[in-house]
1. Which is on the phi > 0 side of the Ramachandran plot and surrounded by fewer than 19 Cβ atoms within 10 Å (Cβ to Cβ), of Ser227, Ser297, Ser262?
2. Could you tell me which numbered condition Asn364 fails, if it satisfies all but one of (1) in a helix (DSSP H, G or I); (2) at pLDDT below 70; (3) open to solvent by less than 60 Å² (accessible area, probe 1.4 Å)?
3. Would you confirm, using the coordinates I've provided, whether Ile285 is open to solvent by less than 70 Å² (accessible area, probe 1.4 Å), part of a helix (DSSP H, G or I) and either among the hydrophobic types (A, V, I, L, M, F, W, C) or at pLDDT 75 or above (or both)?
4. Quick one: is His171 open to solvent by 60 Å² or more (accessible area, probe 1.4 Å), in a helix (DSSP H, G or I) and modelled with pLDDT under 85?
5. Out of Met183, Met271, which single residue is aliphatic (A, V, I, L, M) and at pLDDT below 80?
6. Among (1) over 23 Å from Ile635 (Cβ atoms); (2) open to solvent by 50 Å² or more (accessible area, probe 1.4 Å); (3) not polar (S, T, N, Q), there is one condition Lys554 misses while meeting the rest; what is its number?
7. Considering only the range 558-574, how many residues are over 38 Å from the mean Cα position of the chain (by Cα) and of a type in the set (Gly, Ala, Ser)?
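The values are calculated or read from the model by the stated rules, or taken from the named source; none is laboratory data. What you see is a predicted model; the values in this text were computed from it and never measured. Methodologically, a virtual Cβ is constructed for each residue, glycine included, from the backbone with ideal geometry; neighbour enumeration extends over all protein chains shown. Accessible surface areas use protein heavy atoms only, side chains included; no ligands, DNA or RNA. Shrake-Rupley method; radii C 1.70, N 1.55, O 1.52, S 1.80 Å.
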Amino acid sequence: MRFLKYMGIRTKVIASMFVLLIFIALLSFWASYMHEKKSLLTNMQVNAGILNRALIINVASRKNIAEKVNLQTLVEELSLTEGVFGVWVVDNHSRITSATFREQVGEVASSSLVSEALQKGYYVSGFSTRMGEEVYSAVYPLKKRDQVLGVLEVAFEMREYLRADSKRRAHLFDQMKRDSRIMAESLSYSIKNMRDVNELVHIQRLVDKLTMGSEIISRIMIVDDDSRIIASNDLNRVGMIADDRGVRAIINGADIYTRLFSRQKVYMVDMPLRISDEFKGVVSIGYDATDYYTHLSEIFQFGLLISGMGVLLGILLSFQVANPIIRPIQSLIEVTKKLAGGDLSQRATVSSKDEVGTLAGAFNQMALDLAHSKEEIDQYSKTLEEKVRRRTQELEMSNQELRAIQNELMEANIVKSEFMSMASHELRTPLTTLLGYSELLLTRDLTADQKKEFLGFINEESINLSGIVNDMLDVTRLESEKDFRFEKKPIQPSNILIKNIRFYSGGKASHRIITDIKENLPLVNADEEKIGQVIKNLLDNAIKYSLHGDITCKAFVRDKMVWISVQDQGIGISKQDLHRIFDKFFRAERKETTHIRGTGLGLSIAKYIVEAHNGKIDAESEIGKGTTISFGLPILEE
């Protein structure tokens, strides 16, 4: 659109009106075109729906009547077989639909064998009583895709069986049992096959009748729920699989699927075939869309004619509208150029009282104001720049000082709050123990063993108190960055690790400590005492937070660093807390750690010491499986 910058106002106005009129004409044409297209398609779609409903009603009514008549005829013919007492067909609601004895049709079957076959869905047989006579009944379920649609019962007479001796009875019983199952299966297949054949023949005749009796229907295809074509006006396609998007969409649950084939000029509508709310398949109806395309072509030609006339009218109108606006503006442009060149005495000619005249008057007032303002600006600009520069520098310096002071106050207040809270909590426990046992030693007569035991408690709590105080002093030094100096020299980290492991392994050690130290580890430049403090802190935590299991200490080289890791099999740390364990005063709030004392300072001090040696420290943990904390120190370059 860069070319618009070089176009005149007259050209822009004419072009704008030209484009606007084209847009309005095309929009009107497109709206009418789409409305007519939708109307034609909707009409064919509605007709397809009416045809589908008529097809469903015709299929359902004719099929049910044919099934009932043919089924009753078949049952009566089979009842004439020698040895057969009677045949009954029962639906899945236990109601007799066909029977040897017609007066029983419509009644509810009371046989327990029928109930069992309907409920469990498999073949059953046994002795029962029918109309006062003992019979042997075989009940066979009629299924479609594992769905029980009803049962078929065949009853045999028992006269010969009752007259025979015991050996003969066993033979007759096996024969009746075998014959009844074969007959039941054969009869059930015959009934289902008869139903399918009657239904398919009737549907195909109905499809042929509809396509031959309509001038606009070019295609009807009926597909079952397995995508197989069961009826079509094109007999060559019957029995084939319908690989069609519309058929797949309806089988997958769509209510209707339509599409337009422009090359064949056919409009296809696919709808589900449901009988008694049961999905039976898909009905595809194709309409001849020749008239549809002819009608749309006429609308398109008419729309183009109207659009062309509108464009010509717009061009004439745009020229008439543009000229009265452009001439005064061109005059104003000439005066503006001279004013911009520095001639503030220029004034525009006001020749009308419309918007252009108002613009010329405002321009003249602006030129007068510019002349006065120019004189004032010349005077003021001589001193303004220097004043602004000095004031800006002063404000910036003041803001920086205020921000620095504010940050220092906030950090000091946070540290003070954390320190007071931790001190009041952590110091209270050992001090209470010291006061309690010392009071007992002073006020009571105790045996030598009791005194020794109490002094042991006092000594243990004194050590704990000393550790807490040392941690607090270390944190204070870290905060002030004073009195926390490092005396670095070449050392072997594995020696410091072994020294601390021996200390924790001695005495009554509650954990087994396993070492995995690589041979010939290189030296590092570090403060031996401070690195020992880090290792001691890691071992303390591993013992403190693991009730059982081994503690594994490793020393190895990775990424030009000597790494030391301490792994326990303790309670572990959650993922949301893992990144905070190196923060000052942080302790995870869990029920397993409520009895464990600590200041939450050890790992933060360890992190400071390691990073002060240009090293790295990290942690890995999983709840219930333990924690591994490792730190690495740079290898000493020779």
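1. Values: Ser297 fails: on the phi > 0 side of the Ramachandran plot; Ser262 fails: on the phi > 0 side of the Ramachandran plot.
Exactly one of Ser227, Ser297, Ser262 is on the phi > 0 side of the Ramachandran plot and surrounded by fewer than 19 Cβ atoms within 10 Å (Cβ to Cβ), namely Ser227.
2. Every condition holds for Asn364 apart from (2).
3. Details: open to solvent by less than 70 Å² (accessible area, probe 1.4 Å): yes; part of a helix (DSSP H, G or I): no; either among the hydrophobic types (A, V, I, L, M, F, W, C) or at pLDDT 75 or above (or both): yes.
Taking the combined requirement at face value, the residue does not satisfy it.
4. Details: open to solvent by 60 Å² or more (accessible area, probe 1.4 Å): yes; in a helix (DSSP H, G or I): yes; modelled with pLDDT under 85: yes.
Criteria met by His171.
5. Details: Met271 fails: at pLDDT below 80.
Answer to the check: Met183.
6. (1)
7. Selection size over the range 558-574: 1.
Residue-by-condition table, conditions (1) surrounded by 11 or more Cβ atoms within 10 Å (Cβ to Cβ); (2) at pLDDT below 70:
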{"position": "Gln301", "(1), (2)": "no, no"}
{"position": "Val311", "(1), (2)": "yes, no"}
{"position": "Ser318", "(1), (2)": "yes, yes"}
{"position": "Ala340", "(1), (2)": "no, no"}
